[in-house]
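Below is one structure, written out as structure tokens, with a few remarks after it.
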Amino acid sequence: MNALDLLVDDVIVREAVRLAEEFVGSYAELGYGRESDWPVSRAQLKGLLQIASNEPEQLVNFADHQAEKARRGEQSGGRSRRTQPDNPKEAFWKLIKEIVQGDPQQKKWSLEKLRRQYVPQEFQLVPGETGQAKKEREAKLREWERQWNREVFPVFFRTFVNHFLYLMEVRKPGGKSKDKGR
Amino acid sequence: MNANLPEEQHSVVLPLNLVRKADQFLDDETQQKRFADLGRKIYDAFSGENGGRPGESAPVSSQLRNLQQIAVSASRFSEIANFVKRQMGRTGKVAERWRKVGEEILKQLEQLEQQAAHLAADQTQRFLLRLYLARGWIRAVVGGYMFEKALREMGKKGLTE
């Protein structure tokens, strides 16, 4: 057991489940009987997991791109559900971006906010430090952040996607129940 | 981990008093009945999944074996629920079978988690206790499954003899 195990079981899983529940509660309660009506396809979720595992730093770009596609689909009168307050497809990808970066006011939980809590003392930028020492510290911090993303992002998004698919499946007509699970 | 989360913690052992309390919980008659009932439900959900020749004992469900493997080897308790949800969230016949029993599995896992929180105040001990409880739980579930399997197969044999 190590510190990542504790963080995953106590924080990451809880937040991933909460955020998937919130999204499904807001956008899927109106009924997505058919998978083709879902705000996000299984193939897109697979892509999301691949990027979270292989290139977590690209997640925000990926989410922006998908949100833009969803927006264009809405404007051109695509298959979005116009009875709903927002475009669920766009909202899904905005949520992914928010999960990574947080909201502009930094009030909501995000992976980057969580990461900031764990920056080791030796990599924290020192006020007033300049020159080579500052550059070295910044480089070390970036490397530490890169490593942290590679360890934490895949676990978070795997849990998020598994919980999302589980919720969507049990809500289908003929699905087992509408009860929420852990 | 390499990413310098708070200090690495290795080789932490559960105190004996917590192990005893966990065993008491697992051995409680009501819990044993619930776990065994779940095993029976899993048998109902997955029986016939692997085929088997007439007159021969059917193989144990590979889905149950997968669940058992995860519960026994998981390094984090959350991996078990994650596995169940992944199976339930898939498409196809196997996923349909999982959806018949998945909610009950998740419910029992949640109760194990609550029990660990009730017994241990320390975060590390709680973490280990959850895994300990999961291992005891899956033993009882598999026991319930095997008992049901034996009963059904004996009954079937009895009818054909």
Picked from segment B:120-131 (must be more than 9 Å from chain A (Cβ to nearest Cβ) and buried (at least 20 other Cβ atoms within 10 Å of the Cβ)), the residue nearest to A:Asn162 (Cα to Cα) is B:Leu129
Based on this model, can you work out whether B:Ser78 counts as surrounded by 20 or more Cβ atoms within 10 Å (Cβ to Cβ), free of Cβ contacts under 8 Å to residues at least 60 places away in the same chain and of a type in the set (Ser, Thr, Tyr)?
yes
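Which residues, counting only those in segment A:1-49, are of a type in the set (Ser, Thr, Tyr), part of a loop (DSSP other than H, G, I, E, B) and at pLDDT below 85?
Passing the criteria: only A:Tyr32.
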Taking segment B:85-95 and the residues there that are aliphatic (A, V, I, L, M) and surrounded by fewer than 23 Cβ atoms within 10 Å (Cβ to Cβ), the one that is nearest to the other protein chains (Cβ to nearest Cβ) would be B:Ala95
Within segment A:112-170, residues being in contact (Cβ under 8 Å) with a residue 24 or more places away in the chain and of a type in the set (Val, Ile, Thr) number 5
Among residues of segment A:1-55 being basic (Lys, Arg) and more than 27 Å from B:Glu110 (Cβ to Cβ), the residue surrounded by the most Cβ atoms within 10 Å (Cβ to Cβ) is A:Lys46
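The values are calculated or read from the model by the stated rules, or taken from the named source; none is laboratory data. As the structure is a prediction and not an experimental result, all values here were calculated from the model. Using ideal geometry, Cβ is built from the backbone for each residue, glycine included, and neighbour counts are taken over all protein chains shown.
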